[in-house]
Amino acid sequence: MIKRVEEKRILMENCVAVNLKTAEKRIFTSKNIAFLKRRYPRLKLRTGEWLPFESPDASIEGYIKKGGYKALEKVLKMKPEEVIKEIEDSQLIGRGGAAFPTGLKWKFVFKQTEKEKYFVCNADEGEPGTFKDKVLLDQSPHKIIEGMIIGAYASGASKGYIYVREEYFDSTRTIEKAIGEARDKGFLGINILDSSFSFDIKVVRGMGSYICGEETALFRSIEGRRGIPEVKPPFPTTSGLYKKPTVINNVETLANIPHIILNGARWFKSLGVEGSFGTKIFSISGNVKNPGVYELELGKFTLADLIYGLAGGIEGNRKLKAVLPGGASTRFLTKDNLDIKMDYKSLKEAGTSLGTGAVIVFDETISIPRIVKHLFDFYEEESCGSCVPCRIGTKRISEILKDIIEPATVKVGNLYGTDGANMNYLTKLKDIGMAMKESSKCGLGQSAPDPLLSSIDFFSNEYLALIKKVNGRKS
């Protein structure tokens, strides 16, 4: 039975709800465009376009009125070690996909003796199906900035960068405006709030490369070099941006910081479940009635609650076939996993991961092999090519999938023929995928095979049916 689901809006407390139902009310039509033009005289409005999602509290005045920058004022009266301990005690883990303990990362950089240190916000939200960070950048930019300043104070950084996805034009303008407002109010710059602490932030736009979401590739991009991952160790906490100790945190991770500082670690741990404290922002898309962005306590709700309780269920009242629970680079779940709790531990035990919290839903009409082919077309395009397993593996898997799904010519040989040869073909796909996972240099090559491998585990009948169809053409 699906229970009634209520959002726990903490990170998005001042944000306008972003989902299909609210979006439909924001589209310009011949009936409302005259009214909207009077309300938004600066916007160039045309019918069929959307009114941007914007929060009335996105300005610095609105943020301060709601208690913004109070956490920073509190932190400047504390020692950096005390700030780090508060974050460590909260057990906040990164929300960008890796789930690394935030306080531990800050502590590693704090202990470095280098005078020059950096603090970087990763806003290169490129994982397919993920659009949560954009909501925070657009509607609560000062929360991200305050989180960065607090993190910089704790770790000893004096320079900061926000690396924003190239396609987020409006978000870039919003965050740049917010940085200017913070600087004018004395929250950024030299001797912040008359303290001895100085810190400033620069915005860098990405160049449209998915791989630059990987931290070392992101650093190279900021430095003006080609964005390709580097071998680790050394890790960023000892040798990151410009080979200096660097903290890099995700947008959503940083949005938690002011709340933890003001309310304490104990308050934060009252949310969620053991090992997955706090809330998580989920991006739900695919074949659901009300796709959008929703904030929930971790581990308090199931996948079914998320899909049917919040997203309205499957479009056209069709049946659920599969779900990618944490973005395109996670393993598939099926209708048999609807009761799984949405937290890091539960999803790991199920053989997949929470990832970025991007829940992509597929109904019974969707061909899973075609979805996987689409994903590998993307991975092949986005692979930086610096390591052989990923460069060749993504290309070969994409080619093979195209051969069985969209065969241009009839082929002979190992791929098609007897049932034994068909199974050997699936084994070959698995072998390539496992080789990528075990020997690729970065997360792209290591995680890209997950949807392929899990799709063969759960939906091998669909692959074999496509191969049989090609065999029929051959005969």
Seminar exercise, completed: Rounded to the angstrom and largest first, Cα extents along the principal axes for the chain equal 81, 59, 43
Exercise. Please state the relative contact order of segment 271-322 as a whole percent: Cα pairs under 8 Å, 6+ residues apart?
Worked result: 34 percent
Exercise. How high is the FRET efficiency between Thr29 and Asp431 when r is their beta carbon distance and R₀ equals 56 Å, given to the nearest 0.05?
Worked result: 0.55
For this session: Give the percent of DSSP beta bridges with both residues in the chain that are antiparallel, rounded to the nearest 5.
Result: 50 percent
For this session: Only Cα pairs under 8 Å and at least 6 apart count here; give the relative contact order of the chain as a rounded whole percent.
Result: 16 percent
For this session: Pop a pseudo-label 7 angstrom from the Cα along the beta-carbon direction at both Lys77 and Val388 and give the gap in nm to one decimal.
Result: 6.1 nm
For this session: Would you list which aspartates and glutamates come within 19 Å of Lys373, measuring only between C-alpha atoms, while excluding same-chain residues fewer than 8 positions from it?
Result: Glu127, Asp363, Glu364, Glu381, Glu382, Glu399, Asp403, Glu406, Asp431, Asp450, Asp457, Glu462
Exercise. Residue separation times 0.36 nm, minus the C-alpha to C-alpha distance between Trp267 and Ile366: what's the value?
Worked result: 31.4 nm
Seminar exercise, completed: Taking a straight Cα-to-Cα line shorter than 16 Å from Lys21, and setting aside same-chain lysines fewer than 8 residues away, one finds Lys289
Problem set entry | Gain on full stretching of the segment that runs from Glu13 to Lys115 - 0.36 nm per residue minus C-alpha separation | 33.0 nm
Exercise. Of Lys8/Lys37; Lys345/Lys437; Lys66/Lys348; Lys70/Lys134; Lys70/Lys300; Lys132/Lys269, which sit over 28 Å apart, Cα to Cα?
Worked result: Lys8/Lys37; Lys66/Lys348; Lys70/Lys300
Problem set entry | Percent of Cα pairs exceeding the 29 Å cut-off, where the set is segment 54-269 | 17 percent
For this session: Give the cross-link partners of Lys25 among the aspartates and glutamates, using a straight C-alpha distance below 15 Å as the criterion and excluding same-chain residues fewer than 8 apart.
Result: Glu49, Glu54
Problem set entry | Selection from Asn191, Pro141, Gly272, by position along the positive dipole direction of the chain (Cβ) | Pro141
Exercise. Say R0 is 35 Å: what FRET efficiency, to the nearest 0.05, do Asp336 and Lys469 get from their beta-carbon distance?
Worked result: 0.85
Problem set entry | Surrounding net charge for Gly313, when Lys and Arg each add one and Asp and Glu each subtract one, Cβ distance under 12 Å | 0
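Each reported figure results from applying straightforward, stated rules to the coordinates on display, with no laboratory input. Computed from a predicted model, the values in this text were never measured in an experiment. All Cβ positions, glycine included, derive from the backbone under ideal geometry; neighbour counts span all protein chains shown.
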